Amino acid sequence: MDYVVLGAGPAGVTAAETLRSIDKTARITIINGEKEPQPYSRMAIPYYIYGKIEEGGTYLRQTEDHYGKMGIEYRVGRCGGIDSKGHKVHLSGGESIPYDKLLIATGASPIIPPMPGANLPGVHTCWTLNDAREILKHADKGSPVVLVGAGFIGCIILEALYLKGCKITIVEFAPRMVARMMDETAGGMLGRWCQKKGVDVRVSTKVEGIREGSDSPDAKLTVDLSDGTSVPAALVVLAVGVRSNINFLVGSGVETNVGIKVNEYLETTAPDIYAAGDCCEGIDLSTGKPDMLAIQPVAVEHGRIAAQNMAGHPTPHEGSLNMNVLDTMGLISSSFGLWQGAPLGKTAKLIDEDNFKYLKLEFEGDKLIGAQCVGMTDHVGMLRGLIQTGFHLGEWRDKLLEAPERLREAYVAVSQARPNYGPVAPHTNTPVAKAG
């Protein structure tokens, strides 16, 4: 059996290793679209930027010759197209690689906003290891840096630049930071926290353009903003979002929408082709509908399940929980599930503005369906467990509506009432996106 995995991120590597664990004799090939000696983790890039680790520390597997020892061939090449009828992957150099089963785990690429000056020297995205190398040429201690975008990815980059000692200005078009992860209260807290740490936060603001030259001696660029002001910059980092890498699938028989369409077994519309990770429209556990949940735990889950199905072990994907846990300069924030709430649901809030603490619980009936936290780390595992399992809280729903701080009591009570289910939160080691 010839398995080919397009993409060497967490989804692709997990899939290749899972395939090897099931099929000891198959030929397994991972193809990385980036010219790097090993697959690496994008989540480790901030550590590299501020100097906690070397480049090798970003590698997904630290054992020497890990892939060779597993009998997995690691190759570098860009996919130019797929012949689904002939079962071949065409690389941009002209080579064709045959496959019996193919996994597409090509991930996503950063969006370059259509603004003047976006391609000037000193303007970079922060998505690849090579991006990080370029950023390090400009991100010196005290250097003025403009970060365009304050979403999840932007905040991860923010922490690395802050720890590097840069003088940072954040420009965010939305009315608050991390608007796709948090409501006005939580996003506002995060913004005030950043300002307290010396970061200049500009929300509801658009970058009109970037131009060469500056009145500041330590900057070579000027960023013009919609509020009429201009900000000097030695470096501009663009973090306005990503889109799935699916353009090469034109004419392949693999149907796409925002990402690749798949069924419950992560099979695409073309025979013997599967998809996983940031390019795949998997099921959102909370809604039951296809969605792009571009976070590393979901990519790993997709990779494992897709590989099991490719190897002939039918394993349905029941859905992934939309969750984000973020550490921003010491303030941990998180959101889970339907954090915006349900149309006819009920909400409980606990707010301490002075101490940057916030807990918001969203209910539908007597089930916890979503939550947000700021500055409260003890609840992360419990929230994930209660939402993911969908247990009925019974009388504890009303108790939590009156006193959301009693979440731990509710968690223990629900756990004890269902001893046959095991612990409510089977995975409490939720990864925290951070750079320190």
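Listing for the model above:
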| item | result |
| --- | --- |
| For peptides 381-388, 320-327, sequence by mean Cβ density within 10 Å, most packed first | 381-388, 320-327 |
| Local electrostatic count, ASP278, Cβ distance below 11 Å [Lys/Arg +1, Asp/Glu -1] | +1 |
| Volume per residue of the C-alpha convex hull in the range 123-238, rounded to whole Å³ | 93 Å³ |
| Computed E for ASP272/LYS35 - FRET, C-beta separation, R0 35 angstrom, nearest 0.05 | 0.80 |
| Under 28 Å from LYS399, Cα to Cα: lysines that are on another chain or at least 8 residues apart | LYS346, LYS349, LYS357, LYS360, LYS367 |
| DSSP-defined antiparallel bridges as percent of all bridges, the range 1-97, nearest 5 | 40 percent |
| Distance between modelled label sites at SER216 and SER204, nm, 7 Å Cα→Cβ extension | 2.4 nm |
| Rg/Rh (Cα only; Kirkwood hydrodynamic radius) as it applies to the range 90-165 | 1.11 |
| Amide H within-cut-off set for CYS166, under 5 Å, with H built and near neighbours excluded | GLY142 |
| Length released on extending from GLU73 to THR347, taking residue separation times 0.36 nm less the Cα-Cα span | 93.5 nm |
| Considering only the range 123-238, percent of DSSP beta bridges that pair antiparallel, nearest 5 | 40 percent |
| Dimensionless Rg over Rh [the range 325-421; C-alpha; Kirkwood] | 0.96 |
| Eligible lysines near LYS69 by straight Cα distance, threshold 23 Å, same-chain separation 8 or greater | LYS24, LYS35, LYS101 |
| Packing-based ranking, highest mean first, of 201-212, 9-20, 184-195, 56-67 given that Cβ atoms within 10 Å are counted | 9-20, 184-195, 201-212, 56-67 |
| Cut-off under 5 Å, modelled amide H: who pairs with ALA275 long-range | ILE104, THR268 |
| DSSP bridge pairs, the chain: antiparallel proportion in percent, nearest 5 | 60 percent |
| Cβ-derived FRET efficiency at R0 51 Å, THR25 paired with ARG192, nearest 0.05 | 0.30 |
| Cα-projected label distance for ALA403 with HIS313, points at 7 Å along beta-carbon direction, nm | 4.6 nm |
| Within the chain, helix-based [θ] at 222 nm, where runs of 4 or more DSSP H residues each add -39,500 (n - 2.57), nearest 500 | -6500 deg cm²/dmol |
| Radius of gyration and maximum dimension Dmax of the chain, Cα, Å | 22.7, 68 |
| Spatially proximal aspartates and glutamates relative to LYS88 (Cα-Cα < 18 Å; intrachain offsets below 8 disregarded) | ASP2, GLU73, ASP100, GLU255, GLU267, ASP272 |
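FYI, it's all coordinate maths here, none of it is from the lab. What you see is a predicted model; the values in this text were computed from it and never measured. Using ideal geometry, Cβ is built from the backbone for each residue, glycine included, and neighbour counts are taken over all protein chains shown.
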